[in-house]
Structures are given as structure tokens and as C-alpha cells.
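Student: Here it is, the structure, as C-alpha cells.
The values are calculated or read from the model by the stated rules, or taken from the named source; none is laboratory data. Keep in mind it's a predicted model, so treat the numbers as computed, not measured. As a convention, Cβ positions derive from the backbone with ideal geometry for all residues, glycine included, and neighbour counts pool all protein chains shown. The protein model used for the area step is the full one, side chains on, heavy atoms only, and it has no ligands, DNA or RNA in it. Shrake-Rupley method; radii C 1.70, N 1.55, O 1.52, S 1.80 Å.
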Amino acid sequence: MTAPVLAQAPVKDHSRILGIGAYRPTVTVTNDDVCQWIDSSDEWIRQRTGIVTRHRAPADVSVIDMAEGASREALAAAGIEGSQLGAVIVSTVTHPYATPSAAAVLADRLDATPAPAYDISAACAGYCYGVAQADALVRSGAADYVLVVGAEKLSDFIDNTERTISFLLGDGAGAVVVGPSQTPGIGPSVWGSDGSKWGTIGMTHSLLDVRDLSDEAERDGAGNAAAVLGTEAKIWPTLRQDGQSVFRWAVWEMAKVAKRALDAAGVGPEDISAFVPHQANMRIIDEMVKQLKLPESVVVARDIVDAGNTSAASIPLAAHRLLKENPELSGTLALQIGFGAGLVFGAQVVVLP
């Protein structure tokens, strides 16, 4: 008896980014605003980070709301309807529910049901991770069109008095639609992780800590964790980092990853028109430009000046702004790289939509 042969989805040769969208919250927070909480100054923050302002969402605007705003613009730019999506991927570390996913709600809002929808937790590299997966899904025949969103409401997880990271962070969302292409539009992804540095960026508490401290406070009748612990500790998990370790890792290791992405795509610095790195710190961006020996003709995204660090939303927001200000870059090559908590990293050369 002849064994049955499984049918497989027809593969596609290439994929590309077809459209991009962005959502920037209306509240603008200046350096002077954040310096109400920390012993710093506008001058110090500008010199050390390049940040002048950052956007933060009001209480009634959620991660999903911002993701929806960016997604609708991306879908319109790509010329497709939500019902045509074969998958919805949301990269976020600030959706306040461990489950269900932000992506499932977003898919419903966009009329993408029953497309598979899932979140990924890869922090500031999450958008590049999403693009890598979308590229594979489209070319494997698993989906015709994939929505990739980076959306963060980091202000929900900020301790304003914490000075290692709180002043860096902003809110926002960026989205792209990835679909089939007759020519290569997304180069090979160079991505990975280094869990040995897991503790350099992260949360002050786990959800189990929140549960246990809350229970203890209730049993003791204290009503708050600070009273139980006898300290000024807070239960709510907030972000913090070992800034110097992260800075050294980003400066010395991420330029190598970016070079590998160029090599994997078969292009050199002289072949790209734009560089869109994660908007973590202006000094990191400047050092990467130097190490990559990028020609002056390459337009470098510096959205960090006005937007701060928006984690997974950082790269699509920066690319969106780059194209608004330089429409002639549409159809040209850009190198993008994300890196952050995990530690994780991801990079690709892409054709800008």
C-alpha cells in the first residue's frame, strides 16, 4: 500500500513590507517634567541620551487602542482590509494581561477574525522578531498578509523616582503589513539572545511577588506592602536597568549584529539609504553609525529626540517618521536593528514601503 503524501501550502519566493502606520499619544512630557521626580536636569538628559521630550498615553488609552490606531494606517497604506490578514502579531511587554493576548482583541477590532493572533515578548527587539516571523509565514504559504505591531504603554510600568530608566521611556505604537512580493523585500534575519544577562533590564517584582506581598499585607492588616516590609518598597512591578552594562553591550555587540545582517543580505553600508536602530540612546546610535562606517548619504533615524525609548514600538515609529520626512526613501534599502531586555536582539535589511 502506497503511503499518502501530505499536501503543503504553496511557497512564495519573496515578501516585503507593504504599508506602515504609527500612533503617537497626545501627551508630551518634557525633561523638566520628569526632573520633578529625579535629581537631574534638562541639560544632563539631553547630553546623556539625546531625549528632549517623550509621548505618554492618558489613562483611558490602552496598548490595544494604540495598536489599533497604528494598524489601521498600515492597512490603508498597504491597500488591504483586516479581513485579508492571515496572522496578527503584537510585540509588547506592557499589555497588562498575561492572557488573553492583545493580538486577539486587536484582530477582532480589525475584523481579522479568525486569523491566528498572538503576542510576543521580546522587548525592544520585538518588532524585528515579528518581521522575521511574518517573513517566514508569508514565504512558507501559511499566510498571505501578516500584521506586525509594536505597541507599548511603558508609562504604566514606570516609577517616576527611579533614575536608571524611567526618564527614558515613552508610549506609542507602530505597525506594518508584510505580504508577498515579486522581488526580495526582507533580508535574512539575524536574531538571538543572551540569557546570561537576563537581570540587566527587567521588572522590580514578579506577579507572584505581587500576590504574596498583597496577601501578607492583608493578613497583617497593614493594607500595603511597605508597612509589611518596613521599607519604602512598592508592590507594583516597575522597570529598571543596569544602565552601564546595557550601554556597553549595545555599543560593542550590536554593531556586530548589524554587520552580520548586512552580510546576510549581500549588501554593504554603501548600498543602504537608511539606518533605523532601536531608539534607546543617541550615544548608542552615534557609536553604531561610526562602527558600521555608514556613508553620510545614509539617513539615520533619530526619533528618540521627540519620542524617547518606546521599546517594541521604537523601530516602526522611527521608520514611519523617516518616510514622512524623506518620502524619496520609499523603495530603498534600510538596515533595522532592535535590542533589549532578555537580552535579545534582531536585525534585517528591508525595502522601505
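Student: How about Lys153: which lysines have a C-alpha closer than 27 Å to its C-alpha, ignoring those fewer than 8 places off in the same chain?
Tutor: Within the straight-line limit of under 27 Å, Lys153 reaches these lysines: Lys197, Lys234, Lys324.
Student: Please give the solvent-accessible surface of Ile235 in Å², to the nearest 10, using a probe radius of 1.4 Å with every protein chain present.
Tutor: Approximately 40 Å² for this residue.
Student: Still on this model: What share of the DSSP beta bridges in segment 1-127 is antiparallel, in percent to the nearest 5?
Tutor: Taking every DSSP beta bridge within segment 1-127, about 50 percent pair in antiparallel fashion.
Student: Could you put Trp236, Trp44, Trp249 in order of accessible surface area, largest first, with the 1.4 Å probe and the full protein assembly present?
Tutor: From most accessible down to least: Trp236, Trp44, Trp249.
Student: Would you mind calculating the relative contact order of segment 1-112 from Cα pairs under 8 angstrom and at least 6 residues apart, reporting the percent as a whole number?
Tutor: Once normalised by length, the contact order is 30 percent.
Student: Let me ask something else about it. In terms of the Cα gyration tensor, with a ≥ b ≥ c the square roots of its eigenvalues, is segment 243-307 rounded because a/c is under 1.5, prolate because a/b exceeds b/c, or oblate?
Tutor: oblate
Student: Given N residues in the chain, what is Rg(Cα) / (2.2 N^0.38 Å)?
Tutor: Rg over 2.2 N^0.38 Å, computed on Cα atoms: 1.02.
Student: Roughly how many nanometres apart are two label points built 7 Å out from the Cα toward the Cβ at Asn326 and Met203?
Tutor: According to this spin-label approximation, the distance is 3.8 nm.
Student: For the chain, what does -39500 (n - 2.57) per DSSP helix run (n ≥ 4), summed and divided by total residues, give at 222 nm, in deg cm²/dmol to the nearest 500?
Tutor: Value at 222 nm, helices only, nearest 500: -10500 deg cm²/dmol.
Student: Consider all pairwise Cα distances in segment 136-208 and report the whole-number % of them above 22 Å.
Tutor: 51 percent
Student: Between Cys35 and Val11, what is the FRET efficiency for a Förster distance of 41 Å, r being their Cβ-Cβ separation, to the nearest 0.05?
Tutor: It comes to 0.15.
Student: Rounded to the nearest 0.05, what FRET efficiency do Lys290 and Tyr97 give with R0 = 41 Å and r taken as the Cβ-Cβ distance? Could you check?
Tutor: After rounding, the FRET efficiency stands at 0.50.
Student: Please sort through the DSSP H helices of the chain and keep those with an alpha-carbon extent of at least 18 Å along the long axis and a Kyte-Doolittle average not below -1.0.
Tutor: 63-78, 126-140, 207-220, 243-265
Student: Could you compute the net charge surrounding Tyr127? Neighbours are other residues with a C-beta less than 14 Å from the C-beta of Tyr127; K and R count +1, D and E count -1.
Tutor: -4
Student: To the nearest 0.05, what FRET efficiency results for Thr2 and Asp144 with a Förster distance of 30 Å applied to their C-beta separation?
Tutor: Calculated transfer efficiency: 0.40.
Student: Ordering Ser166, Ser206 by how much accessible area each has at a 1.4 Å probe, largest first, what is the list?
Tutor: I get Ser206, Ser166, largest accessible area first.
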